[in-house]
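This report concerns only the one structure given below.
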Amino acid sequence: MSALTDKEVAEKSAAAMWANDDASKGLGMDLVEVDAGYAKMTMPITKSQTNGLDTCHGGFIFTLADSAFAFACNSRNQQTVAQHCSINFVAPAFEGDVLCAEAKEVAVYGRSGIYDIRVTNQKNELIAEFRGNSRSIRGTHF
């Protein structure tokens, strides 16, 4: 039996995580693509996700970015958690928008990693920039 490629490891890790990810699924997220140190997810914005200004509540944008971050930093079959995250909101999102979060690994040093996540709308307009710092823990996904 041949060894799995990096992409196959990422896909198998993602499948194991997605099976139990009720939060992401419950918000209508879709895991579009994964690879080593990379993940792309989408989420449609519904009326129930809008705030008093009739724009998407920032917590939902953060959650989408955080989910993409999780799949990217867990893509090597090593259980990994968020250590620190920050977000800069650039523009509002609205009901009917479909947001896309693309997570890319910047660096991994020992048990710590840095990931940048860009959130855009269906017109590829920038909505937010998210940076996540990860920490690997004991355990694997498969």
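In segment 109-142, of all residues being of a type in the set (V, I, T) and in a strand (DSSP E or B), the one that is farthest from G37 (Cα to Cα) corresponds to I127.
S48 meets each of the listed conditions (1) closer than 23 Å to F142 by Cα; (2) surrounded by fewer than 16 Cβ atoms within 10 Å (Cβ to Cβ) apart from (1). A count restricted to segment 37-47 and to residues that are touching a residue at least 60 places away in the same chain (Cβ under 8 Å) and over 10 Å from the mean Cα position of the chain (by Cα) stands at 1. Looking at (1) under 23 Å from Y109 (Cα atoms); (2) surrounded by fewer than 18 Cβ atoms within 10 Å (Cβ to Cβ), which is the one condition that is false for G58? Failed condition: (1). Test N88 against the criterion of being surrounded by fewer than 15 Cβ atoms within 10 Å (Cβ to Cβ) and part of a strand (DSSP E or B), and give yes or no. Judged against the criteria, N88 is a match. A72 meets the conditions (1) in contact (Cβ under 8 Å) with a residue 60 or more places away in the chain; (2) closer than 15 Å to R131 by Cβ; (3) under 10 Å from the mean Cα position of the chain (by Cα) in every case but one. The failed one is (1).
Any read-out appearing in this document is the output of simple, stated calculations on the displayed coordinates, not a laboratory observation. Keep in mind that what you see is a predicted model, and the values were worked out from it rather than measured. FYI the Cβ positions are ideal-geometry reconstructions off the backbone, even for glycines, and counts take in every protein chain you see.
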